[in-house]
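K.L.:
A single structure is presented below for examination.
The values are calculated or read from the model by the stated rules, or taken from the named source; none is laboratory data. Worth saying up front: this structure is predicted, and the values here are computed from it rather than measured. Here the Cβ is made from the backbone with ideal geometry for all residues, glycine too, and neighbour counts use every protein chain on show. Please note that ligands, DNA and RNA were not included when accessible areas were found on the heavy atoms of the full protein model with its side chains. Shrake-Rupley method; radii C 1.70, N 1.55, O 1.52, S 1.80 Å.
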Amino acid sequence: MCLAVPGRVLEIAERDGTRMAVVDFGGVVKDVCLEYLPDLKVGEYAIVHVGFALQRLDEESARRTLQLFEELGLLQEEFGDPWEAAAASAAAAASEASAKQEEER
């Protein structure tokens, strides 16, 4: 599932001609494109979908939504734990390599 998630703008900078922000989604920090909201400022909240800030949001609504998403486990589903994902991927690759070696014997 791919959600539109509220996040708080921490930093804004232009990168390769594109207005970008570092955005905090309840503890998960991601880079986000601000081209659709060129007047968004540091400290403000926006709804973000697939890496694009789409709509400004007030702080209370953003916090309530983030809390609800967290309670429902949707933040974990959307962002996951990158270390956990990397460990699972490495374990799967090792298992596949082991199975292939067994077949070759």
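K.L.:
Starting from region 38-61, take each residue that is within 12 Å of VAL9 (Cα to Cα) and list its partners that are of a type in the set (Asp, Glu) and surrounded by 14 or more Cβ atoms within 10 Å (Cβ to Cβ), counting only C-beta distances under 8 angstrom and pairs at least six apart or across chains.
P.N.:
ARG56/GLU44
K.L.:
Here are the criteria: (1) on the phi < 0 side of the Ramachandran plot; (2) open to solvent by 80 Å² or more (accessible area, probe 1.4 Å); (3) of a type outside the set (Phe, Trp, Tyr); (4) touching a residue at least 12 places away in the same chain (Cβ under 8 Å). Tell me which single one LEU72 does not satisfy.
P.N.:
(4)
K.L.:
Further, regarding this structure: Can you tell me which residue in region 41-77 is modelled with the highest pLDDT, limited to those that are assigned to a helix (DSSP H, G or I) and of a type in the set (A, V, I, L, M)?
P.N.:
ALA62
K.L.:
Also: Of the residues in region 21-64, how many are among the β-branched types (Val, Ile, Thr), open to solvent by 30 Å² or more (accessible area, probe 1.4 Å) and in contact with an Asp or Glu (Cβ under 7 Å, 6 or more places away or on another chain)?
P.N.:
Result for region 21-64: 1.
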